[in-house]
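What follows is one structure encoded as C-alpha cells, with my remarks underneath.
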Amino acid sequence: MARRTKVYEGKAKVLYEGPEPGTLVQYFKDDATAFNAEKRDVIEGKGVLNNMLSEYFMSGLNQIGVPTHFIKRINMREQLIRAVDIIPLEVVVRNVAAGSISKRLGIEEGTPLPRPIIEFYFKDDALGDPLVTEDQILAFNWASHQDLDDMVALAVRVNDFMSGIMLAVGIKLVDFKIEIGRQFDGDMQRLIVADEISPDSCRLWDMKTGQKLDKDVFRRDLGSLTDAYSEVARRLGVMPKSP
Ligand code: C5P
C-alpha cells in the first residue's frame, strides 16, 4: 500500500492528503491534552468516539444547510473532509458560565448567561490562544468585517442546532469551540465549519445530575473520559452500547 502524505499533525488529529484535489483525510488520535498540552495522556478509544460524534454533528449541520468540511466517514478513525484555509481564530459560544469566563470575570460556574456570548481566541499555542477583540482581528487582518459577520452567523446556527439535539437527550450544551475555514471557488470564498465538533471541544452537562460528559472529565480528573463520551454517543444513538 502506498504511504500517504501527511499534511499536518495536531494534538488530537492528523491530516493526510485526500484522494481528490481539495480533499483531506482527517485521522482522530487517542491523544488527550489539556492546559495547552501541559497535561497529556493517551485514552484508548477516544479517537473512534470523536470521529463518530463529529460525523454525527457535522452531517446534521450539512443537512440543515450549515456548511461544514465533512464529506463522509471512511472508517473508525478517519473521515474525508474538504480542504480549507483555517482562519486562525477559535470561535467560542457560551450559554452557561464555565471554564475561562468564570475565572476571568468571577462568574460562578453554572450561572446561565443572559444571552449566548461569542468570543474569539487567536490560535497560537506559544501564546496559549489569547482572547482577542474584533478590533484586533480586523487590525491584524486575521478576518474581514464580512468574515466576522459570517463567523458569528455560523456560530449562532451551530449553537442552536447543537443545543437542540443535546436538549433532546437530556444534556445541556454549556459552551463549545468551533474552527472555521475558507473554501474557494474561483474568486468566491465561503466560510465553512471545519476541524471537529466533539466532547473534546464542548462542555456537556447532564441536565438532571449536572454530571460532566466532556473533556473536563480529563482536565479535572473526574473519572473515565471514554465512559463520558460513550454516554453522549449512546444517548444520541451514534454507537451501540459498549460491550
Ligand atoms: O476554556 P474555556 O472555558 O475558554 O473553553 C470554552 C470551550 O471551548 C470549552 O467547551 C472548551 O472545551 C473549548 N475549547 C477548545 N479548545 C481550546 C479552548 C477551548 O475546544 N483550545
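All of the numbers you see were taken from the coordinates with simple rules; none came from a lab. Everything numeric in this text was worked out from a predicted model, so none of it was measured. We place every Cβ from the backbone using ideal geometry, glycine too, and count neighbours over all the protein chains shown.
When Rg and the Kirkwood radius Rh are both evaluated on Cα atoms of the chain, their ratio Rg/Rh stands at 0.94.
Shape call for the stretch 24-116 from the C-alpha gyration tensor, a ≥ b ≥ c root eigenvalues: rounded (a/c under 1.5), prolate (a/b greater than b/c) or oblate? Verdict is oblate for the stretch 24-116. For the stretch 85-224, the convex hull spanned by the alpha carbon atoms encloses 132 Å³ per residue. GNM on the chain, alpha-carbon springs under 10 angstrom: the most fluctuating residue among PHE35, PHE161, PHE122 is PHE35. The GluC sites (Glu not before Pro) of the stretch 40-108 that DSSP puts in a loop, and whose beta carbon has at most 14 other beta carbons within 10 Å, are GLU44, GLU108. Relative contact order, whole percent, for the stretch 85-224 stands at 23, derived from Cα pairs under 8 Å and 6 or more residues apart. Computed per residue of the chain from DSSP H runs no shorter than four, each worth -39500 (n - 2.57), the mean residue ellipticity at 222 nm is -9000 deg cm²/dmol. Charging the Cβ of each Asp and Glu at -1 and of each Lys and Arg at +1, and nothing else, the dipole of the stretch 115-243 about its Cα centre rounds to 820 debye. In this label model, ASP149 and VAL42 are separated by 4.9 nm, measuring between points 7 Å along each Cα→Cβ vector. Relative contact order of the chain: what whole-number percent is it, with Cα pairs under 8 angstrom and at least 6 residues apart? Worked out over the chain, it gives 17 percent. The length gained by stretching the chain between ARG220 and GLU20 to full extension, at 0.36 nm per residue less their Cα-Cα distance, is 67.9 nm. Model label points for ARG3 and PHE35, set 7 angstrom from Cα along the Cα-to-Cβ axis, are 3.7 nm apart. For the pair the stretch 109-151 / the stretch 4-78, the C-alpha centres are spaced 23 Å from each other. Dipole check for the chain: with +1 at the C-beta of Lys and Arg, -1 at the C-beta of Asp and Glu, and the Cα centre as origin, the magnitude is about 780 Debye.
The value of relative contact order for the stretch 6-82, using C-alpha pairs under 8 Å at least six residues apart, is 26 percent.
In angstrom, the C-alpha Rg and Dmax of the stretch 179-243 are 16.3, 51.
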